[in-house]
């Protein structure tokens, strides 16, 4: 029987993780270790200098659910050190995230921080995200197309040292045009803070921002592929060395 | 006059950032935006859903120092939105971090979360770390060899979309054998938690761990290069797409 580890960054009570559990149950035994509270934008952050808690919430045949007080990456470490202990799950799935993790969002994503941590452990890891921040978003399309992707994986696994970042357009399943491989799009956030003043006259700032797409139209970047109505799949590397630039600098810096 | 943005993850009061400021002053005008408190292991995490503060601590000719209540990546965003506003600094330097950021530590590093954020903005960004967690570590060697690297950069800049992760062995300058380019070493932490019991009988966990080097001896990984007494330089990419695996999967998954 396959063992599947599930986590997310929106917290153990989110609709996304609840739908993901239902979607994954036919594939094997499910072990959930997810944050107590929302941990969006936590990247691969770890909790250092503060103690962590791990609480069992549910234990049924085929489904165990734990909540962890830390970040998504903490959840994976906790699962591997306290629950799996020396054995690897057959698959880690993180999500379903409420919000796009395409383009540069992949850098900040807690959903993908968890898949990166899974990959460090040698677990095949997939992150699923819908391009809507609505906590009650319709996830029917994610489930239909997500299962197709899980089936592809079990037939032909991707290589270790790589995890998949899958983004779904926020449209009905019958409107989704298909699935496409893509590369991480170039983009950044702009106008990132809203300034306020507290009752004592001091300024403070809320992070907000607008996404600014730096990829040309109609290219094969994840953001553009999703905008065009397709599900995008980007394989991401754990080894982020820029080997081309390494060679170039080696030849001109002459250390 | 060059403008140089400095940040770190050990906080604005650490010895590492204070030595970095002294090291960089001859190169131009220094603007520091660093976390109020230690933010180790924060990766590229952002502060979402909590307001941020920005406080000016010092304003001299050639040196301004601000503290920000958020993460290292928040500090860079704050600098770009509230201080530089539309102009880019000539260089961002993050550190000097107290602790190695070689191998897989680069994934979790707040020091490098800041350089990644700088790179997203198009700022040439360099992270400097010494392989010692001693908050009073001797940084003489970092300053001597760090200046050499800054000089190389101003003569022949590295390309945008890439930042440098520089790690220094914890030895005296005269014992350092030189500087070497390297790739991100393969490795992971093991035995990551120490379990305790609170006075009410409930368990809690402290993150600790031992680094497990998965690279063969004498290869050109950053961790091995530093262990051999050299300063290591790894160029890291912001686009972490695995293009080889993308091609391979495209040909076998037939979406």
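The values are calculated or read from the model by the stated rules, or taken from the named source; none is laboratory data. Since this is a predicted model, take the numbers as computed values, not measurements. Glycine also receives a Cβ, built like all others from the backbone with ideal geometry; neighbour counts cover every protein chain displayed.
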*Unmet criterion (only one of (1) under 30 Å from residue A:224 (Cβ atoms); (2) more than 17 Å from the chain's Cα centre (by Cα)) for residue A:19*: (2)
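Condition check: within 11 Å of another protein chain (Cβ to nearest Cβ), free of Cβ contacts under 8 Å to residues at least 24 places away in the same chain and either part of a loop (DSSP other than H, G, I, E, B) or more than 30 Å from residue A:155 (Cα to Cα) (or both). Does residue B:246 satisfy that?
So residue B:246 fails the test.
Each row is one residue, and each column tells you yes or no for (1) in contact with a helix residue (DSSP H, G or I) (Cβ under 9 Å, 6 or more places away or on another chain); (2) farther than 22 Å from residue A:75 by Cα; (3) surrounded by fewer than 23 Cβ atoms within 10 Å (Cβ to Cβ); (4) more than 11 Å from chain B (Cβ to nearest Cβ).
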site: A:104; (1), (2), (3), (4): yes, yes, no, no
site: A:114; (1), (2), (3), (4): yes, no, no, yes
site: A:121; (1), (2), (3), (4): yes, no, yes, no
site: A:129; (1), (2), (3), (4): yes, no, no, yes
site: A:158; (1), (2), (3), (4): yes, yes, yes, no
site: A:161; (1), (2), (3), (4): yes, no, yes, no
_For region A:233-243, give me each residue that is within 30 Å of residue A:145 (Cα to Cα) and either more than 11 Å from every other protein chain (Cβ to nearest Cβ) or without any contact (Cβ under 8 Å) to a residue 24 or more places away in the chain (or both)._
A:240
_Test result for residue B:90, closer than 26 Å to residue B:151 by Cβ and at pLDDT 95 or above_ = yes
*Got at least one residue in region B:205-223 being at the interface with another protein chain (Cβ under 7 Å from one of its Cβ atoms), over 30 Å from residue A:214 (Cα atoms) and more than 26 Å from the chain's Cα centre (by Cα)?*
yes
*Look at residue B:180 and say whether it is more than 20 Å from the chain's Cα centre (by Cα) and within 27 Å of residue B:19 (Cα to Cα).*
no
*asked:* One residue is enough: does region B:87-101 have a residue meeting the conditions at the interface with another protein chain (Cβ under 9 Å from one of its Cβ atoms) and either crowded, with 24+ Cβ neighbours inside 10 Å or free of Cβ contacts under 8 Å to residues at least 40 places away in the same chain (or both)?
replied: no
*State whether one or more residues within region B:175-183 are at pLDDT 95 or above, surrounded by fewer than 12 Cβ atoms within 10 Å (Cβ to Cβ) and more than 8 Å from chain A (Cβ to nearest Cβ).*
yes
